[in-house]
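Worksheet: the structure to be examined is printed underneath.
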Ligand code: CUA
């Protein structure tokens, strides 16, 4: 796992995870939970009652020596009872589920919009300021949000269990979810639709901050945070490399290996200023221009043997690009 999931100090203590459900951290969770619990306990009660009745009748009417069985007659009122009663129950269960579905599907006024882009195999979040941040979604406690979700390549699914929210990310189409975070702390993003080799590594963290801390975060958008040491281009570039989930396809440190075998993407370590064989056309020297082009327009030149997986384009600010290139040059 390339991403460290850290726990920041919670302001409102998140309600503890129940036996079945993770903690509820947004306004969307309680109605889903009560629907879920209602359907769950409804099913438990009926399973117990029906099983008990079955066992009782099995015993009561078991075969006994000298007793001959008689065919059962027809009993209209009983037939009607066990047809109509379950139909009413299904109607009630449908209503409960549909009411909370409709509530979540109705557009909310005045919500802050965040663009969520899914790509093989990372999540990218674009804030209203235009800044794009991979792998980490930072939200303000108590502020209503609308996530506008799309995919750059194949079908993915944006899933935040703590918000009880999941929506498919469909190529060529927008989908949305909306919520208001109600508890400060960390939540998780998973991809809930199988999307290829590194589907299970397609993760992100949600950080819910109280307003003062959120204001601090906004000031750091698009900039390097940390000590001057940590913000040397190579070091910052290394962090951006990990946050953009590059190791998922290129291996840790650009080794070209994932789990000991050939990674979906080519090796990056030690390639700087050396000729690379392309799938078509003459060999290309991996200089700064080649690295830059390969990040912004990955399919302009494809390394021989890596044509089966398509790398998504990454949009970065120039100083971020410089940092990533500085890191790639440092890899031996
Ligand atoms: Cu993206 Cu699974």
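Here are some notes:
- Restricting attention to segment 247-261 and to residues that are out of contact with any helix residue (DSSP H, G or I) (no Cβ under 8 Å at 6 or more places or on another chain), buried (at least 21 other Cβ atoms within 10 Å of the Cβ) and not in a loop (DSSP other than H, G, I, E, B), the residue that is modelled with the lowest pLDDT turns out to be 249.
- Residue ID - surrounded by the most Cβ atoms within 10 Å (Cβ to Cβ), chosen from residues in segment 177-196 that are outside any strand (DSSP E or B) and within 8 Å of the ligand (Cβ to nearest atom): 195
Each row is one residue, and each column tells you yes or no for (1) under 24 Å from residue 240 (Cα atoms); (2) away from the ligand (no atom under 13 Å from the Cβ); (3) out of contact with any strand residue (DSSP E or B) (no Cβ under 9 Å at 6 or more places or on another chain).
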site: 119; (1), (2), (3): yes, no, no
site: 139; (1), (2), (3): yes, yes, no
site: 142; (1), (2), (3): no, yes, no
site: 148; (1), (2), (3): yes, yes, no
site: 152; (1), (2), (3): yes, no, no
site: 160; (1), (2), (3): yes, yes, no
site: 172; (1), (2), (3): no, yes, no
site: 175; (1), (2), (3): no, yes, no
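- Members of segment 292-305 found to be surrounded by fewer than 19 Cβ atoms within 10 Å (Cβ to Cβ) and either assigned to a loop (DSSP other than H, G, I, E, B) or in contact with a helix residue (DSSP H, G or I) (Cβ under 7 Å, 6 or more places away or on another chain) (or both), listed by number: 292, 297, 298, 299, 300, 301, 302, 304, 305
- Candidates 98, 89, 40, filtered to the one that is assigned by TED's automatic domain parsing to the domain that holds residue 173, more than 28 Å from the chain's Cα centre (by Cα), assigned to a helix (DSSP H, G or I) and modelled with pLDDT of 85 or more: 89
- Residue among 266, 282, 247 that alone is touching a strand residue (DSSP E or B) at 6+ places or on another chain (Cβ under 7 Å) and either away from the ligand (no atom under 16 Å from the Cβ) or more than 27 Å from residue 112 (Cα to Cα) (or both): 266
- Test: residue in segment 127-134 that is closer than 19 Å to residue 181 by Cβ, modelled with pLDDT under 90, more than 16 Å from the ligand (Cβ to nearest atom) and in a strand (DSSP E or B): yes
- Residue match in segment 142-159 (condition: surrounded by 19 or more Cβ atoms within 10 Å (Cβ to Cβ), more than 30 Å from residue 308 (Cα to Cα), within 21 Å of the chain's Cα centre (by Cα) and in contact (Cβ under 8 Å) with a residue 12 or more places away in the chain): yes
- Residue 240 within 16 Å of the ligand (Cβ to nearest atom) and in contact (Cβ under 8 Å) with a residue 40 or more places away in the chain: no
- The requirement of being part of a strand (DSSP E or B) and assigned by TED's automatic domain parsing to the domain that holds residue 323 is fulfilled nowhere in segment 197-214; no residue meets it.
- Of the candidates 283, 298, the single residue that is within 27 Å of residue 120 (Cβ to Cβ), in contact (Cβ under 8 Å) with a residue 12 or more places away in the chain and not assigned by TED's automatic domain parsing to the domain that holds residue 138 is 298.
The values are calculated or read from the model by the stated rules, or taken from the named source; none is laboratory data. All of these numbers come straight from a predicted model, not from anything done at the bench. Here Cβ is always computed from backbone atoms with ideal geometry, including for glycine, and neighbour counts include all displayed protein chains.
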